[in-house]
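Worksheet: the structure to be examined is printed underneath.
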Amino acid sequence: DAGITQSPRYKITETGRQVTLMCHQTWSHSYMFWYRQDLGHGLRLIYYSAAADITDKGEVPDGYVVSRSKTENFPLTLESATRSQTSVYFCASSESPGTRYETQYFGPGTRLLVL
Amino acid sequence: AQTVTQSQPEMSVQEAETVTLSCTYDTSENNYYLFWYKQPPSRQMILVIRQEAYKQQNATENRFSVNFQKAAKSFSLKISDSQLGDTAMYFCAFGVNNDMRFGAGTRLTVKP
């Protein structure tokens with residue numbers, strides 16, 4: 001059981017380039033999330049998705065785009081990367097039936113360096 | 001907006017002893033969830049324990065327990081019989097309506 005995977009695990013890019021980080025989960029969880037982790041800030045929510053074709057902004061969405069055409073995939077795109085987007089990115093998923101908030105399970109993270 | 005504060009950037013404890021990590025939060029919501037996540041050097045985020053705000057009883061998971069004080073908006077984590085493998089960053093998190101907010105973390109070192 002693969003659970004939740006992210007690719008690539010490490011990425012170096014240059015300012016202005018487009019970068020896509022992939023996230024795939026095998027649990028058929030309804031909800032998926034993208035976070036960034038920076039020193040002194042813990043994790044901050046970028047975007048989340050309640051189901052295929054349903055996405056919503058989190059705390060820090062500027063400069064990012066997401067899509068969810070399939071339940072199991074939730075790619076995060078940096079359309080024009082900036083140095084401030086250098087960070088570790090975590091994908092997470094959860095099952096959230098009704099209004100009950102469920103535990104989020106995290107992928108291994110992607111380290112992104114923007115030069 | 002919900003905020004989560006972890007006032008202890010770093011802590012250390014001797015192996016086999018007990019340590020308590022602090023967490024406070026601010027919210028106007030009444031129904032929410034609280035979590036402690038562990039992040040070892042591998043960077044994997046691992047759920048340690050969770051607490052539903054509507055439950056008065058404190059959650060426990062083996063050596064891990066919480067002290068949940070809803071009125072004070074406090075959610076501390078107690079680790080008993082600390083082990084070397086407990087060395088990690090610990091994040092307190094608050095969740096409501098699919099919005100999860102994390103504290104800045106406490107780096108815990110267990111010394112032999």
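The values are calculated or read from the model by the stated rules, or taken from the named source; none is laboratory data. Since we're looking at a predicted model, the values are computed, not measured. Virtual Cβ from ideal backbone geometry, glycine too; neighbours counted across all protein chains shown. To get the accessible areas, we keep the full protein, side chains included, count just its heavy atoms, and leave off ligands, DNA and RNA. Shrake-Rupley method; radii C 1.70, N 1.55, O 1.52, S 1.80 Å.
Determine which single condition residue B:14 fails, assuming it passes every other condition in (1) open to solvent by 20 Å² or more (accessible area, probe 1.4 Å); (2) at pLDDT below 95; (3) under 18 Å from residue B:106 (Cβ atoms).
(2)
Find the strands (runs of 3 or more DSSP E) located wholly in segment B:2-112 whose residues include 3 or more that are out of contact with any Asp or Glu (no Cβ under 6 Å at 6 or more places or on another chain) and within 14 Å of chain A (Cβ to nearest Cβ), and list them. Give the derivation first.
Numbers: elements: B:3-5, B:10-14, B:19-21, B:24-26, B:33-39, B:46-52, B:64-69, B:74-79, B:88-96, B:99-102, B:106-111.
So the answer is B:33-39, B:46-52, B:88-96, B:99-102.
Given the structure, is residue A:12 of a type in the set (Val, Ile, Thr), out of contact with any Ser or Thr (no Cβ under 6 Å at 6 or more places or on another chain) and within 21 Å of residue B:97 (Cβ to Cβ)?
Judged against the criteria, residue A:12 is not a match.
Please specify each residue of segment A:23-56 satisfying the condition of being away from chain B (no Cβ under 12 Å) and among the hydroxyl-bearing types (Ser, Thr, Tyr).
Answer for segment A:23-56, where residues must be away from chain B (no Cβ under 12 Å) and among the hydroxyl-bearing types (Ser, Thr, Tyr): A:26, A:28.
I need the full set of residues from segment A:21-59 which are under 20 Å from residue B:89 (Cβ atoms) and out of contact with any strand residue (DSSP E or B) (no Cβ under 6 Å at 6 or more places or on another chain), in order please.
Correct list: A:39, A:40, A:41.
Could you grab the pairs with beta carbons closer than 7 Å, sequence gap of 6+ or different chains, first residue in segment A:57-72 and more than 14 Å from chain B (Cβ to nearest Cβ) and closer than 20 Å to residue A:38 by Cα, second one among the charged types (D, E, K, R) and assigned to a loop (DSSP other than H, G, I, E, B)?
The qualifying pairs are A:65/A:79.
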